[in-house]
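The values are calculated or read from the model by the stated rules, or taken from the named source; none is laboratory data. Just so it is clear, the structure is predicted and the values come from calculations on it, not from any experiment. Cβ: placed from backbone, ideal geometry, glycine included. Neighbour counts: every protein chain shown.
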Amino acid sequence: MTKFKPFIALAALLFFITLLIPSLLVLPFKEEKVTGRLGEHLKKEGAPIHTAETSTGPSVEVAVFRMGKKQVEKLPLEEYVVGVVASEMPRDFEKEALKAQSLAARTYIVNEMINGKHSELPGGALVTDTIHHQVYKDINEIKKSYGSDYEWGIKKITEAVNETAGQIIVYDGSPITASFFSTSNGYTENSESIWLSALPYLKSVESPWDLKSPKFSDQKVFTISEFEKKLGVKLSNNNTIGTITERTAGKRVGKVEINGKSIEGKDIRELLGLKSTDFTWERKGENIIINTRGYGHGIGMSQYGANGMAAEGKNYKDIISYYYKGVEIADSQNYLTKYTAKK
């Protein structure tokens with residue numbers, strides 16, 4: 001039996017070491033605070049919304065001159081697009097329509113970065129926050145405007161912007177003038193009917209969805225003296241007001257002759273503050289009643305038309321290709337890299 005004692009002693013020693021080593025490994029860590037655990041930090045409700053930047057490359061900022069505050073505000077491009085979409089299109093619109101609006105807004109500002117002339121704006125601003133460029137509101141202004149709809153409204157719009165992040169509309173390799181407006185008269189307009197230049201991608205198309213827009217019809221009433229003063233005309237003594245002598249491609253009033261004076265429809269709209277250049281009028285006693293169809297200049301994408309298309313199952317690419325002819329969707333970073341290199 002004695003010859004087995006060394007083996008018994010060795011086995012006991014190995015058993016003791018086996019128990020001791022795990023304790024030696026764990027013991028030092030009991031002296032210190034553990035810092036390597038998998039952490040979790042959930043965003044709280046109401047925290048600032050993070051929007052995606054362009055696909056690659058450096059972050060690009062937009063300098064906006066805030067007309068009310070009389071100061072320049074700089075912010076990331078995609079955050080600016082959120083502020084524009086939230087200000088320019090109703091939050092209850094279909095998401096695909098909001099995505100189409102995101103592309104139009106982003107294309108506009110990228111085009112301004114590359115081709116715009118900004119020397120007239122204070123502080124090196126690129127655009128203002130008004131309809132002269134694109135309407136923009138910051139998060140606090142949107143929150144105030146949306147009220148109880150803020151949480152779901154800004155979430156929906158931010159998703160639409162993020163899901164199209166970095167995408168712009170181009171024609172022949174250049175960002176387009178991504179014009180948009182509220183409601184057509186059933187047709188969009190050729191650019192040359194309102195502007196001086198004819199742009200090949202801004203051509204008249206049918207937009208039947210607009211007929212359901214709450215902004216489709218409007219009426220204004222002027223006294224004869226107001227009408228004459230605003231247009232610089234003198235009406236004849238009979239009941240006639242004027243004769244339409246030209247129609248546009250979008251079936252709006254091109255020119256009107258009033259008692260020997262020819263006036264363009266777009267000028268009549270501006271001078272009288274009408275919502276559209278598709279108008280009719282009639283004389284009743286000492287008043288002139290003017291009825292309009294549509295709301296806006298009619299060039300490019302109709303917002304209510306886009307929403308109507310989306311409601312029928314069309315996606316944002318379908319909407320863009322319908323209202324802007326012969327265009328492609330491209331990565332804005334290819335253009336912004338050149339812009340940032342110049343700065």
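Some points to look at:
- Boolean, Ser236 is among the hydroxyl-bearing types (Ser, Thr, Tyr), without any contact (Cβ under 8 Å) to a residue 24 or more places away in the chain, out of contact with any helix residue (DSSP H, G or I) (no Cβ under 6 Å at 6 or more places or on another chain) and closer than 24 Å to Trp195 by Cβ: no
- Selection count, segment 185-211, where residues are under 21 Å from the mean Cα position of the chain (by Cα) and not in a loop (DSSP other than H, G, I, E, B): 4
- Members of segment 321-332 found to be within 16 Å of the chain's Cα centre (by Cα) and surrounded by fewer than 24 Cβ atoms within 10 Å (Cβ to Cβ), listed by number: Ile329
- Residue in segment 165-178 that is closer than 25 Å to Pro214 by Cβ and in contact (Cβ under 8 Å) with a residue 12 or more places away in the chain present: yes
- The one condition in (1) without any contact (Cβ under 8 Å) to a residue 60 or more places away in the chain; (2) over 12 Å from the mean Cα position of the chain (by Cα); (3) assigned to a loop (DSSP other than H, G, I, E, B) that Thr130 fails to fulfil: (1)
- Scope segment 133-154; condition over 30 Å from Arg293 (Cβ atoms) and outside any helix (DSSP H, G or I); matching residues: Asp138
- Residues that are surrounded by fewer than 10 Cβ atoms within 10 Å (Cβ to Cβ) and more than 30 Å from Gly173 (Cβ to Cβ), drawn from segment 123-148: Asn140, Gly147, Ser148
- Considering only residues in segment 171-184 that are in a loop (DSSP other than H, G, I, E, B) and touching a strand residue (DSSP E or B) at 6+ places or on another chain (Cβ under 6 Å), the one that is surrounded by the most Cβ atoms within 10 Å (Cβ to Cβ) turns out to be Ser184.
- Residue match in segment 155-170 (condition: surrounded by fewer than 17 Cβ atoms within 10 Å (Cβ to Cβ), within 16 Å of the chain's Cα centre (by Cα), in a loop (DSSP other than H, G, I, E, B) and not assigned by TED's automatic domain parsing to the domain that holds Asp267): yes
- Hits in segment 36-76 - residues which are of a type in the set (A, V, I, L, M, F, W, C), modelled with pLDDT of 50 or more and out of contact with any Leu (no Cβ under 8 Å at 6 or more places or on another chain): Met67, Val72, Leu75
- Just one residue in the set Glu286, Glu282, Glu246, Glu206 is under 24 Å from Ser102 (Cα atoms), surrounded by fewer than 16 Cβ atoms within 10 Å (Cβ to Cβ) and touching a strand residue (DSSP E or B) at 6+ places or on another chain (Cβ under 8 Å); that residue is Glu206.
- For segment 257-340, the strands (runs of 3 or more DSSP E) that sit wholly inside it and include 3 or more residues that are within 30 Å of Ala165 (Cα to Cα) and in contact (Cβ under 8 Å) with a residue 12 or more places away in the chain are 328-331.
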